[in-house]
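Please treat every number below as a calculation from the coordinates, not as lab data. Bear in mind that the values here come from a model prediction, so they are computed numbers and not experimental data. With ideal geometry, Cβ positions are generated from the backbone for all residues, glycine too; neighbour counts draw on all protein chains shown.
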Amino acid sequence: MIATASSNGGLRTSSTAAAMVWSPTASVTGSACVASSATPATETGTLDRDF
C-alpha cells in the first residue's frame, strides 16, 4: 500500500490499480525551437498502484 500526505497533514493510501496519464505541454521546445507534442501519454503494461 502506498501512503501520501493529505491536505490536512494526515496520510492517505492508494489501493486501486490504475494507469497513470502524463499530460505534456506544447510550451516546451527543443534546441530546434520545435514544440513538444501535447498528446497525453498513458502508462502501458500491468496496472499498478501509483502515488
Task: Interchain or long-range residues, amide H under 5 Å from Ser14's placed H - done: Ile2
Open item on the list: At 7 Å along Cα-to-Cβ for each site, give me the label-to-label distance between Thr42 and Ala19 in nm.
Closed with: 0.4
